[in-house]
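The values are calculated or read from the model by the stated rules, or taken from the named source; none is laboratory data. These numbers were taken from a predicted model, which means no experiment stands behind them. We work out accessible area using only protein heavy atoms, side chains counted, and drop any ligands, DNA or RNA first. Shrake-Rupley method; radii C 1.70, N 1.55, O 1.52, S 1.80 Å.
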Amino acid sequence: MEKITIPSQEIPILSHVDVLVLGAGPAGVSAAVCAARQGAKTLSLPMQMLGVDLQAGRVVYNNNPILKWCLTNTGIQTDRNGNIVPVKNQSPKQRIDGTASLLNAYVGLYEHYSEYTGAL
């Protein structure tokens, strides 16, 4: 696994992307949609797979009330190429940070699944 070395720290690189968008407000969604239209690697496929796994009950989050609230606040926006990005479903004050964190963890698992299952 590649790492970035910071004095006194090593931070593992879990995923390589062309564009990393932080935030799902209007600017973040616009940036993600624009990058996806230009062919940049996005989180669209992992997000679709996470949705399928959540609906099938393969993701266990123990009914955590905060994550459940964040998942409820999360909507999906689709661009003309069929790429999807998470967006705030309701008020801009609602939070989807838990969904974003779950998606990041899911990407890490997806990219290193064989290593994970080999370690079991």
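Couplings 3J(HN,Hα) of the stretch 53-65, computed from phi: 5, 5, 5, 7, x, 8, 9, 9, 10, 6, 6, 4, x Hz, in residue order, whole Hz [Karplus 6.51 cos²θ - 1.76 cosθ + 1.60, θ = phi - 60°; x for Gly and Pro]. Counting only protein chain heavy atoms and rolling a 1.4 Å probe, the accessible areas of H112, H16 rank, largest first, as H16, H112. Less than 5 angstrom separates the built amide H of Q77 from those of V85, V87, all sequence-distant by 5 or more or on a different chain. Its residues counted as N, the stretch 63-120 yields a C-alpha radius of gyration over 2.2 N^0.38 Å of 1.38.
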